[in-house]
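Trainee: Below is a structure I'd like to ask you about.
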Amino acid sequence: MRYVPAEDRYQRMIYRRCGKSGLQLPAVALGLWHNFGHDTPHATKRAICRAAFDHGITHFDLANNYGPPPGAAETAFGEILSTDFSSYRDELIISSKAGYDMWPGPYGEWGSRKYLIASCDQSLKRMGLDYVDIFYSHRFDPDTPLEETMGALDHIVRSGRALYVGISSYNSDRTRQAATILKDLGTPCVIHQPSYNMLNRWVEHDGLRETLADLGIGSIAFTPLAQGMLTRKYLGGIPDGSRAVQGKSLDPNALTPAVIDNIRALNAIAERRGQTLAQMAIAWVLREGGITTALIGASKPEQVTDCCGAINNLSFTTEELAEIDSHAQDEAINLWARSSETAG
C-alpha cells in the first residue's frame, strides 16, 4: 500500500531556528545510528521512518559508518526514500557524516580532504541522492590541519553535494577555530552535533553551549536518552535484548546500583510532570532553548511516538531542575564521542 503521511504532521511538531541560519529543524529528529543495519528487518525500519514523518520529524540523521555493516543504514534509508518519501524530498532534511573508520587503508577515516569528499560521494550513491542537506565532519582529526578538513566541507557545499555543513563532537576551542575558518571561506558552520544528556554533561563543563550561542551555531544533541538509560527500560535491572546486553554502545558496567537508583528517582520526577522518563529527558535537553534539536533513536515506531510527546511540556520549574540535578550527575559514561576529539 502506498504510504501517505499524516495530514496534520506539521501541527504535531514544533520547529526551531538553527542558530542564525535560515534553516528550521524539528525539536525532535530521528537518528539512524542503531536499528537500521542488517540486524533489523526492513519493514521495521520503514515503520519507524513513517512514524517519524507522521509526527512532523523532517530531519533524518545518518553517517557513512552506520550499520551494521558500515553503509547499511544509508542503503536502507535510500530504499525508504525511493518507496515512501520520494514525493516529499523537499520536505526533508537529510544529513550524513564522515570521520570514523569506513574502509581499509590510510584514506578510510579521520578528516583528510581525500576521505571526506570520497565518503560524501559514497553516501550520496548509497542513498540515491544528488545532495544531502547537511554534511558533517564527524570528529576532530588531530593529525590533519583543521584548514584542510574545513576546506573539504566548503568544497562539498560549493560542488553541490551538500547545502549546509556542520561538525560533531568538537570541543569549544576547536569549534571556534573551525567556525572561523568556515566563515572566512564563505561557508558558515550551521550546526554542531554533540553527545548530551543528564548523565553525560561535558558540553556544560566545556562551555560548548555558550560557545554555540555566541557564534550563532545551532545544535543537535545525540544520545539524549543515554542509549536507553534514561527510559523505563533499566528500572528493574538489565533486561535481555537491551543494548547493554548486546554490547553495542552501552557498557553494562555503567548501570551500577547507584545509577539505577538515580534513574528511578528521575522517573518519579517525570511521573509527577505527567511525562515518561524519555519525554522528560528530551525536554531537559531542549530546556531554555540551549539545544536546537534532540536526536533520538528508535527500535520500534511506538518509541518515536513517545519521544515526540516531549514537546508537550518543555518547561521546568527551578525546583524541578534542582531536584533533577541532585539525581542526574555526570557519570562519565563513554557514549562514543567522549574521546580524543572532545578533549582535543
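Trainee: Looking at segment 9-57 only, could you name the residues that are among the charged types (D, E, K, R), open to solvent by 60 Å² or more (accessible area, probe 1.4 Å) and within 27 Å of Trp284 (Cβ to Cβ)?
Mentor: Within segment 9-57, Arg12, Arg17, Lys20 meet the criteria.
Trainee: Give the number of residues within segment 151-169 that are farther than 14 Å from Pro188 by Cβ and among the basic types (Lys, Arg).
Mentor: Here the count works out to 1.
Trainee: Any residue that is open to solvent by 10 Å² or more (accessible area, probe 1.4 Å), of a type outside the set (Phe, Trp, Tyr), over 20 Å from Met13 (Cα atoms) and outside any loop (DSSP other than H, G, I, E, B) - is there at least one of those in segment 272-286?
Mentor: yes
Trainee: If I filter segment 126-148 down to residues being within 21 Å of the chain's Cα centre (by Cα) and in a helix (DSSP H, G or I), which single residue comes out as surrounded by the fewest Cβ atoms within 10 Å (Cβ to Cβ)?
Mentor: Selected residue: Arg126.
Trainee: Here's another thing I want to ask about it. Would you call Arg113 surrounded by fewer than 24 Cβ atoms within 10 Å (Cβ to Cβ) and in contact with an Asp or Glu (Cβ under 8 Å, 6 or more places away or on another chain)?
Mentor: Spelling it out, Arg113 is indeed surrounded by fewer than 24 Cβ atoms within 10 Å (Cβ to Cβ) and in contact with an Asp or Glu (Cβ under 8 Å, 6 or more places away or on another chain).
Trainee: Looking at (1) open to solvent by 10 Å² or more (accessible area, probe 1.4 Å); (2) more than 16 Å from the chain's Cα centre (by Cα), which is the only condition Arg209 fails?
Mentor: (2)
Trainee: Right, next: Assuming Ser87 fulfils every condition listed in (1) free of Cβ contacts under 8 Å to residues at least 12 places away in the same chain; (2) surrounded by fewer than 17 Cβ atoms within 10 Å (Cβ to Cβ); (3) not in a helix (DSSP H, G or I) apart from one, which condition is it?
Mentor: Only one criterion in (1) free of Cβ contacts under 8 Å to residues at least 12 places away in the same chain; (2) surrounded by fewer than 17 Cβ atoms within 10 Å (Cβ to Cβ); (3) not in a helix (DSSP H, G or I) is unmet by Ser87, namely (3).
Trainee: Where residues in segment 93-114 are more than 21 Å from His59 (Cβ to Cβ) and of a type in the set (A, V, I, L, M, F, W, C), which of them is farthest from the chain's Cα centre (by Cα)?
Mentor: Per the stated criteria, the residue is Trp103.
Trainee: Take Ser123 and decide whether it is in a helix (DSSP H, G or I) and open to solvent by less than 20 Å² (accessible area, probe 1.4 Å).
Mentor: So Ser123 fits the description; yes.
Trainee: Also, I was wondering about something else. Looking at segment 287-344, which of its residues are at pLDDT 75 or above, β-branched (Val, Ile, Thr) and part of a loop (DSSP other than H, G, I, E, B)?
Mentor: Selection gives Ile291, Thr292, Thr317.
Trainee: Shifting gears a bit: Condition check: of a type outside the set (Ser, Thr, Tyr), in contact (Cβ under 8 Å) with a residue 12 or more places away in the chain, crowded, with 17+ Cβ neighbours inside 10 Å and not in a strand (DSSP E or B). Does Ala152 satisfy that?
Mentor: yes
Trainee: Continuing with the same structure: I need the full set of residues from segment 90-110 which are touching a strand residue (DSSP E or B) at 6+ places or on another chain (Cβ under 8 Å) and open to solvent by less than 10 Å² (accessible area, probe 1.4 Å), in order please.
Mentor: Scanning segment 90-110 gives Leu92, Ile94, Ser95, Ser96, Lys97, Ala98, Gly99.
Trainee: Is it the case, given these coordinates, that Asp90 is under 27 Å from Thr44 (Cβ atoms) and over 21 Å from the mean Cα position of the chain (by Cα)?
Mentor: no
The values are calculated or read from the model by the stated rules, or taken from the named source; none is laboratory data. Model, not experiment: these values are computed from the prediction. Heads up, the Cβs are rebuilt from the backbone with ideal geometry, glycines too, and the neighbour counts pull from every protein chain shown. SASA here: full protein model, heavy atoms, side chains in, ligands and nucleic acids out. Shrake-Rupley method; radii C 1.70, N 1.55, O 1.52, S 1.80 Å.
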